[in-house]
Amino acid sequence: MNAAEGGYPGPGADTEFAVLLRRYRAEAGLTQEELAERSGLSVRAISDQERGRTTWPYRDSVRRLAKALNLNDEAAARFMNAAPRRVPQVQKAITPVPVSQRAGEPAERVVPRQLPAAVRHFTGRAKELAELARLLDEAADGGAPGTVVISAIGGTAGVGKTALALHWAHQVAGRFLDGLLHVNLRGFGPSGTPVPPEAAIRGFLDALGVPPERVPPTTRAQADMYRGLLADRTMLIVLDNARDEAQVRPLLPASPGSLVLVTSRSQLGGLAAAEGARLLPLDVLPHEEAVQLLVARLGADRAGAEPDATPEIATQCSCLPLALAVAAARAAARPGFPLAALAVELRDTIGRLDALDAGDPAASVRAVFSWSYRQLSGEAARLFRLLGLHPGPDISVPAAASLAAAGQPETRRMLGELARAHLVAEHAPGRYTFHDLLRAYAADLARDTDSEPVREAATGRFLDHYLHSASHAGLVLSPVQEPVALVPPGPGVVPEQPAGHREALAWFEAEHQVLLAAVTLADGGGFGSHAWQLPWAMSPFLADRGHWRERADTLRTALAAATRLGDTAGQAVSSRLLANACSNLGDHDQAHVHFSSSLTLYRQLGDRLGEARVHQSLGVLAERQGRHADVLGHAEQALLLYRASGDKGGEAVALNGVGWSHGLLGDYEQARAFCRQALALSAETGHRRLEGHTWDSLGYAEHHLGNFGEAISCYEHALGIAREIGDREGEAEALIHLGDIHYAAGDLAQARESWQEALAILDDLQRPDADEIRAKLADLDNR
């Protein structure tokens, strides 16, 4: 079989669950026997789980334990999330998918708990909370699912839309037994690039536990899967910071049962008219509640000592919650200063964030931001300004260090100073973000304070950081990735270097959205080399995780950028990778167009390795189209070119391709000869995935030559390697072939077992050839 990309092994059991179970049981004052009686589980089951002996506890058992321990919503969510979940590819490899299982649904339902933390010192909004509660009760009584649109009239950003949504969502989380989904749609922000609905849907599919290999390649199919998974669930879906109705509609469930909360700066009247959404306009706080919020943040003693100052501060902040929070942080940072001094400062400072002016210049949010900014150290103030150049949605400490051309310890200190001033928030360990208004404020400060060359150098540094870090991580995921001469990193850039597959995959997962934003920024900001090299570096990750559409879109950006630069090598690489992406999406005509262009460009460059890679990919495309003679032709061309270039790894791939092609054409002696050469060379070069594929190809040849014992041994080698590295397609192929040879040898029981395991994987991957295996199993049943 030809080498193909596959998945990676899932994580092992997490001992955090056992620790939490022991702790919560002790806090509840229960013995194991008492907890067993309350939960309906056996004492032995509880004992095994507390000692980490239960690898995959049933989700229902975990829910019963949480209920028996009387955990609050926050503790229950942590407990549920800590429970190890069965890795779908391992489970599916040994258990057929039930016929009744909904398409795309994991064997065990995942209960997502995506809500961010609620805002501290939430104050007021009694009327709005009551309205939300009423809508929830209506939905529970069997009415149509409520769609609550929270919009700010006259307040726009900073009025507390997200704070209200999250506060209420946490209050009622326990009523949504099937989980809570949340996404920041970034409808309004300095980047001007909202989250596409298909990207949000893909994130929800991940949260719902759909394995990447089972996610359909098309946007329509992903949306259908998303709605199908929600069809019989009771969930709360929070769609934060929406741009317009068009962004929201694809994310709405198609059936009753779930409740959707949407926050937006727009009124979204179209949703009210067409979908029956209830509009909940959110204005600034009443003055009394604004004062209460300040008192809660400042402390009753300090506020009571100056009874006139707090109301004036609330007035000068125009009762805008975000401004109130920043003003309180400013006062807290100067405990020895009278509040009256802060009131005077508010009164005299003229704001410059016109978009946040509530009608009174003294109530400018920009002015409130400026008080915190002016108290920063010089280094932290510089970092804050430079963060305004970053596209978001968040940034890691290493990336911030490269942005600032500073060491990581120093950068951590600066970020800590910014966090204490409420100018950034550490929303995940080691990852920082800030409100979109703060981002706009920081960007304005950078334009006002730092020269264009300084800003351009800083932008280049963080793009260099992502490019070189992604390049390293991509080569870890795919060692045979075509090398590219990267833009050299600028002074002060220290890229990250994930050490292994798991680390590289985790790095890409954390930086996924940042990298997409970086490609867009590079493409529009005059960083053409980064605009094509970043998609090249991301390609192995996007392919491995099934982000087919994103891969194609970023590579189109890459090809356009390389073309503008007149970079022939960049055009050749980008065309080839884009052709592969089109092939994965089933667009074979476009794949041929880009492969042809790429081949021409490589020939102009005299790049034989590039030509070889194109022929190798053309062989894969030909096999998908059933053109077996063309498969052999392309494989032989690739072999000649790899040998001429002295590329041993490529030669091993091509040898296996030639051997497999001969097998497809019925020349099994030739297939065996070439596959044996490929096997030796793949072992020599350490190409583990190729080694597994070659064992399978060799088994195929031995089988058809009548050497059943040799064939079984080859297939078992292939199966072992596939399971070791998480190659799901390779595992299914080896199991199919094992079933075939057991059937030919008359061992029908072993044939059935192998085919059933293969069918489970093929159904998992939504492969159309699963029907062929069903037919084989049906034939066994009729014997």
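The values are calculated or read from the model by the stated rules, or taken from the named source; none is laboratory data. Note that the structure is predicted; figures quoted are calculated from it, not measured. When we count neighbours, we look across all protein chains shown, and the Cβ atoms used for this are built from the backbone with ideal geometry, even at glycine. Note: areas computed on protein heavy atoms with side chains; ligands, DNA, RNA excluded. Shrake-Rupley method; radii C 1.70, N 1.55, O 1.52, S 1.80 Å.
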Taking Cα atoms of region 542-626, Rg/Rh with Kirkwood Rh, to two decimals? 0.96
Can you tell me how much longer the chain between ALA118 and ASP137 gets when fully stretched, taken as 0.36 nm per residue apart minus their C-alpha distance, in nm with one decimal? 4.6 nm
Could you grab the Rg to Rh ratio for the chain? Cα atoms only, Kirkwood for Rh. 1.01
May I have the convex hull volume per residue, in Å³, for the Cα set of region 709-769? 66 Å³
Give me the accessible area per residue for the chain, probe 1.4 Å, as a whole number in Å². 41 Å²
Of the options LEU601, MET414, PHE674, report the single residue whose Cα projects farthest towards the positive end of the charge dipole of the chain (beta-carbon charges: Lys, Arg +1; Asp, Glu -1). MET414
Any idea how far apart ARG53 and GLU288 come out in nm if each label point goes 7 Å out from Cα toward Cβ? 6.2 nm
P(r) of region 613-708 in 5 Å steps, Cα pairs, percent per bin? 3, 17, 25, 26, 20, 8, 2, 0
Rounded to the nearest 0.05, what FRET efficiency do ALA749 and ALA673 give with R0 = 45 Å and r taken as the Cβ-Cβ distance? Could you check? 0.85
Once phi is turned into θ = phi - 60°, what whole-Hz ³J(HN,Hα) does the Karplus curve with 6.51, -1.76 and 1.60 give for every residue of region 571-588, x standing for Gly and Pro? 5, 5, 4, 5, 5, 5, 5, 5, 4, 4, 5, 5, 4, 4, 7, x, 8, 5
Helix 608-624 sits at what angle to the longest principal axis of the chain, using alpha carbons and giving 0 to 90 degrees rounded to 10? 80 degrees
Relative contact order (percent) for region 554-708, with alpha-carbon contacts under 8 angstrom and 6 or more residues of separation? 14 percent
Could you work out the relative contact order of region 307-350? I mean the mean sequence separation of Cα pairs under 8 Å and 6+ apart, divided by the number of residues, in percent. 52 percent
Simple SL model, points at 7 angstrom along Cα→Cβ for VAL487 and GLU452; separation in nm is 1.7 nm
Taking the Cβ-Cβ separation of ALA428 and ALA75 as r and a Förster radius of 22 Å, what is the calculated FRET efficiency to the nearest 0.05? 0.65
For the chain, which whole-number percentage of the solvent-accessible area (1.4 Å probe, protein heavy atoms only) is attributable to carbon and sulfur atoms? 52 percent
Computed over region 477-556, the ratio Rg/Rh where both radii use C-alpha atoms and Rh is Kirkwood: 0.94
Quick check: residue separation of ARG220 and ALA499 times 0.36 nm, minus the Cα distance between them. What number comes out in nm? 96.8 nm
Distance between region 509-583 and region 25-81 - C-alpha centres, whole angstrom: 47 Å
Under 5 Å, built H, 5+ apart or other chain: amide partners of THR54: GLN49
Relative contact order (percent) for the chain, with alpha-carbon contacts under 8 angstrom and 6 or more residues of separation? 11 percent
In nm, what is the difference between 0.36 nm times the number of residues separating ALA560 and LEU640 and their Cα-Cα distance? 25.7 nm
Volume of the Cα convex hull of region 438-592, divided per residue and given in Å³: 120 Å³
In nm, spacing of pseudo-spin labels at ALA246 and GLU724 (7 Å Cα→C-beta vector): 5.2 nm
Hey, what do the phi angles of region 307-313 turn into as Karplus ³J(HN,Hα) couplings, whole Hz, using 6.51/-1.76/1.60 and θ = phi - 60°, x for Gly and Pro? x, 8, 6, 4, x, 5, 4
Ranked from highest to lowest mean number of other Cβ atoms within 10 Å per residue, what is the order of the peptides 304-312, 291-299, 458-466? 458-466, 291-299, 304-312
Can you give the charge dipole size of the chain about its Cα centre, rounded to the nearest 20 debye, using +1 on the beta carbon of Lys and Arg and -1 on the beta carbon of Asp and Glu? 1300 debye
